[in-house]
Amino acid sequence: MGSAGVGRQVGMVVLFTVAVYINHAVALQVTSSGPQTTKKAQGDAVTLSCTYSESPSDTGQLDVEWSMVSPDMTQKDKLVLSYSGGKEYKLGSPDLMNRLKFVGDPSRGDASISITSLRVSETATYQCKVKKPPGIDSRKITLIVLAPPSVPRCWVENGEVIGSSVSLRCKSAEGSIPLNYKWTRDSGSMPTTATQYAQTGELLISNHSQSYTGGYTCEVSNEVGKEQCKYTLNAYNPTNRAGVIAGAVIGALLLLLLLLLLIWLLICCCQKRRYEKETANEIKEDAAAPESRPGSRHSSFRSVTGYRTHHGIVYNSVRNAQPNRTESARSSIYTDPRQLSPQANSPDSAYKPPLNYDSRYGYPV
């Protein structure tokens with residue numbers, strides 16, 4: 001009885017193990033194979049494979065999800081495309097959704113997708129998850145989008161003087177790192193004194209000579225592309241440094257002399273203007289002031305006292321001579337003998353009598 005019970009338990013364990021194995025073998029499984037990492041150039045297209053097989057026990061609704069796995073484990077993955085209930089749902093950015101689509105029919109075991117016109121920003125790990133309860137399986141593919149190098153620029157530093165060190169430089173403004181630079185000579189072998197730096201793009205030639213002249217080509221490359229540029233190296237005799245220094249000194253002295261001359265001319269001009277101004281002021285001070293006219297003084301006095309002139313009467317000054325005085329009933333009348341004329345007694349004469357002094361006004365009227 002004891003041996004029979006032990007045999008029964010062993011049989012049940014074996015049957016359970018076989019059942020689990022069979023169930024695992026025939027459950028839903030993603031069958032895609034290939035590299036887990038794919039590198040593509042910017043602008044290219046890529047297909048991310050995700051095929052699967054079902055088992056008779058998978059009777060639930062098919063659900064396929066494509067998401068971008070977040071590098072931060074604390075953040076959720078970004079769902080970009082899904083297939084559920086026989087319908088396709090695009091959940092990513094509009095720019096990406098215009099270039100992303102299912103390649104086959106997800107309901108028939110092919111949930112692969114394709115992306116066209118790749119961007120460097122779309123470098124990520126993509127996960128394909130297929131669910132059909134009770135079965136579920138997934139696959140991850142890392143996509144690396146690289147930018148090819150741009151056309152580099154070639155130039156020389158430190159001049160091209162014979163006997164000196166010449167530095168040929170090459171630089172690409174764009175491109176995914178690492179970038180590798182390589183210099184080659186168009187004709188003949190590289191100079192024996194040349195040293196290359198593949199990371200910086202420099203070709204250093206020591207003790208430059210005429211035999212090192214000619215065309216040189218720089219090629220820059222990375223995993224997805226390459227470009228190149230050319231430079232023609234020349235050799236020049238060293239210049240006379242003493243002559244250059246002497247010329248610079250003479251030029252500086254001439255410039256200083258010209259500056260001093262301009263300052264002297266400016267001072268002379270200012271002194272001349274000051275002298276002319278002082279001379280003009282002295283002439284104005286020496287000139288006599290003009291004498292005012294008597295008539296103007298009398299006119300001013302009359303305007304102050306408020307005296308009104310009478311129409312048809314000629315006013316004259318009594319300043320220079322003392323007139324003769326005669327008495328009358330109303331006023332004292334003064335007559336200047338110098339103003340008398342023989343024509344005064346003529347009845348037809350236009351002679352005007354002399355002015356009479358009226359005491360009421362204090363002026364001759």
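The values are calculated or read from the model by the stated rules, or taken from the named source; none is laboratory data. Only a predicted model underlies this, so the values are computations on that prediction, with no experimental measurement involved. Glycine also receives a Cβ, built like all others from the backbone with ideal geometry; neighbour counts cover every protein chain displayed. Note: areas computed on protein heavy atoms with side chains; ligands, DNA, RNA excluded. Shrake-Rupley method; radii C 1.70, N 1.55, O 1.52, S 1.80 Å.
Ranked by solvent-accessible area (1.4 Å probe, protein heavy atoms only, all chains present), the residues ILE141, ILE267 order from largest to smallest as ILE267, ILE141.
Please find the FRET efficiency linking ALA246 to SER211, where r is the Cβ-Cβ separation and R0 is fixed at 30 Å, and quote it to the nearest 0.05. In this case the efficiency is close to 0.35.
Taking R0 as 25 Å, what FRET efficiency do you get between SER93 and GLU223 from their Cβ-Cβ distance, rounded to the nearest 0.05? It would help to have the intermediate numbers written out before the result.
Details: r = 26 Å, r/R0 = 1.06.
Between SER93 and GLU223 the formula returns 0.40.
Among LYS277, LYS132, the sequence by solvent-accessible area, most first, with a 1.4 Å probe is LYS277, LYS132. Computed with a 1.4 Å probe on the full set of protein chains, the accessible area for THR51 sits at about 40 Å².
Element breakdown for the range 153-233 at a 1.4 angstrom probe: carbon and sulfur atoms account for 48% of the accessible area. Nonpolar atom fraction for the range 29-146, defined as the carbon and sulfur part of the 1.4 Å probe accessible area, stands at 49 percent. Can you give the net charge of the other residues whose Cβ lies under 15 Å from the Cβ of LYS230, counting K and R as +1 and D and E as -1? Taking every Cβ under 15 Å from that of LYS230, the sum is +3. Note on THR31 and ARG273: their simple-model spin labels are 10.3 nm apart, each label 7 Å out from Cα toward Cβ. Per residue, the accessible area of the range 29-146 comes to 53 Å², computed with a 1.4 Å probe over protein heavy atoms only. Derived scalar couplings between HN and Hα for the range 58-65 equal 7, 10, x, 7, 6, 9, 10, 10 Hz in order, rounded to whole Hz, by the Karplus curve 6.51 cos²θ - 1.76 cosθ + 1.60 (θ = phi - 60°), x for Gly and Pro. Taking all protein chains together and a 1.4 Å probe, the residues CYS270, CYS170 rank CYS270, CYS170 from largest to smallest accessible area. Stretching THR47 away from TRP155 to a fully extended chain increases their span by 34.7 nm, per 0.36 nm per residue minus the current alpha-carbon distance.
Using a 1.4 angstrom probe, figure out how much accessible area the range 153-233 has per residue, in square angstrom, rounded to the nearest whole. Don't jump to the answer; show the numbers that get you there.
Numbers: 4320 Å² over 81 residues.
Heavy-atom accessible area per residue stands at 53 Å².
Translational diffusion of the range 153-233 was estimated from the Stokes-Einstein equation, with Rh taken as the Kirkwood radius over Cα pairs; at 25 °C and 0.890 mPa s the coefficient is 191 µm²/s.
The residues neighbouring SER53, those whose beta-carbon lies less than 12 Å from its own, together hold a net charge of -2 under the Lys/Arg +1, Asp/Glu -1 convention.
Taking label points 7 Å from Cα along the Cα-to-Cβ direction, VAL103 and MET190 give a separation of 4.2 nm. In the complete set of protein chains, residue-level accessible area for TRP264 is approximately 150 Å², probe 1.4 angstrom.
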